[in-house]
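Please treat every number below as a calculation from the coordinates, not as lab data. Since we're looking at a predicted model, the values are computed, not measured. Positions of Cβ are backbone-derived with ideal geometry, glycine not excepted, and every protein chain shown enters the neighbour counts.
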């Protein structure tokens, strides 16, 4: 079964708010679009996901089961988005640099100290030492 993930997003917000109009506002959609998306999901599964009432909507037992899975996925998506923002803003992540001892000592370390002060959430990995002699690919080892 291949559903459009947008349908699940609509379902999630409708279930979370208990109101199709509020879900529509949060998604920048019209209320009929939200109703249509939920109808598509219900048709796809062949079950009713919501009871409609005067106050809005309430989950059926089947809808509650689906919601428990969709809620977990939405939480994971939100965490992933937060992590991507942290990486973009250099709030977290890692920087790996390789070079010779003298390069680090005389040139790179002062810059790394400033970088670390400015971006304390970035882990620094330094690989330093003498440069090994390159091996010729045609010579026997």
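Just from its helices, what would the mean residue ellipticity at 222 nm be for the chain, if runs of 4 or more DSSP H residues each count -39500 (n - 2.57) and the sum is divided by every residue, rounded to the nearest 500 deg cm²/dmol? Provide the component values of the computation, followed by the final result.
Working: 5 runs with 74 residues, N = 141.
Dividing the helical sum by the residues of the chain leaves -17000 deg cm²/dmol.
Could you compute the FRET efficiency for residue 123 and residue 48, with r as their C-beta to C-beta distance and R0 at 35 Å, rounded to 0.05?
According to the calculation, E is roughly 0.10.
Please arrange 107, 28, 12 by how many other C-beta atoms lie within 10 Å of their C-beta, fewest to most.
28, 107, 12
How big is the C-alpha Rg of the chain next to the rule-of-thumb value 2.2 N^0.38 Å, as a ratio?
1.85
Separation between the residue 58 and residue 21 pseudo-spin-labels, each 7 Å from Cα along Cα→Cβ, expressed in nm?
Each label point lies 7 Å from its Cα, and together they span 2.0 nm.
How do 29, 41, 103 rank when sorted from fewest to most other Cβ atoms within 10 Å of their own Cβ? Write out the running numbers ahead of the final one.
Values: 29 18, 41 21, 103 14.
The most exposed by this proxy come first: 103, 29, 41.
So if R0 is 35 Å, what FRET efficiency would residue 109 and residue 82 give, r being the distance between their Cβ atoms, rounded to the nearest 0.05?
0.65
Please figure out what share of the DSSP beta bridges in the chain is antiparallel and state it in percent, rounded to the nearest 5.
Once the DSSP bridges in the chain are tallied, antiparallel ones form about 35 percent.
Just rank 50, 115, fewest to most, by other beta-carbon atoms within 10 angstrom.
Details: 50 22, 115 15.
The order, fewest Cβ neighbours first, is 115, 50.
Would you work out the relative contact order for the chain, in percent, from Cα pairs under 8 angstrom that are 6 or more residues apart? Display every interim value, and only then the final one.
Values: 121 pairs, mean separation 24.9, N = 141.
Relative contact order, the chain: 18 percent.
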